[in-house]
1. Does any residue in region 22-51 that is assigned to a loop (DSSP other than H, G, I, E, B) come within less than 9 Å, Cβ to Cβ, of a residue that is among the small types (Gly, Ala, Ser) and exposed (fewer than 12 other Cβ atoms within 10 Å of the Cβ) six or more places away or on a different chain, and which pairs are these?
2. Which of the residues belonging to region 74-116 are in a loop (DSSP other than H, G, I, E, B), free of Cβ contacts under 8 Å to residues at least 40 places away in the same chain and either under 17 Å from residue 48 (Cα atoms) or within 12 Å of the chain's Cα centre (by Cα) (or both)?
3. Of the conditions (1) surrounded by 12 or more Cβ atoms within 10 Å (Cβ to Cβ); (2) in contact with a Leu (Cβ under 9 Å, 6 or more places away or on another chain); (3) at pLDDT below 95, residue 71 satisfies every one except a single condition; which number is it?
4. Quick one: in region 52-73, of everything that is polar (S, T, N, Q) and in a strand (DSSP E or B), which residue is nearest to the chain's Cα centre (by Cα)?
5. Out of (1) farther than 23 Å from residue 120 by Cβ; (2) at pLDDT 95 or above, the odd one out for residue 8 is which?
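The values are calculated or read from the model by the stated rules, or taken from the named source; none is laboratory data. Keep in mind it's a predicted model, so treat the numbers as computed, not measured. For neighbour counting, all protein chains shown are included, and Cβ atoms are generated from backbone atoms with ideal geometry for every residue, glycine included.
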Amino acid sequence: MRPTLLILTLIACAVFMSPTTLKAQAVMTFDTTHHDFGKVKAGKKAVHVYKFKNTGDRDLVIREVKTTCGCTVAEFPRKPIAPGKKGKIVVAFDTKEKNGPYVKGVNVHHNGGVSNLIVYIEVLGEPLQEEMEYPEEEDKPRHRHDP
């Protein structure tokens, strides 16, 4: 009787655990994972919207989005994205006190894995005016009325 029960259990497992059930997963597919802002004047916020679609066969849940520095922030959907539905992640780079080229990463952690987004930007800012250092009091420039 035991071998029959074992065989019936194995058959039931094979029927109810079909390959599609075992492999059901969320898949985050982006229109593009890279964006080049080009040249941006310092002091402005550069914003880009990354659009994606859940091409998997179960709900996509974004757990967290991490940026590689504090000058880059991201907004993302907090609710699950159903299969076949679309969503967006808004990434903003703050150019305040920046000058020169930058490459920033945004890591999207979700129930289908991790997706990586890349942002390129060249900030055109005024170079910071360097303060002149005077090692000794005598070397300071003097006004005409100074002795």
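1. 25/113; 26/113; 27/113
2. 76, 77
3. (2)
4. The extreme case among them is 67.
5. Just one mismatch for residue 8, condition (2).
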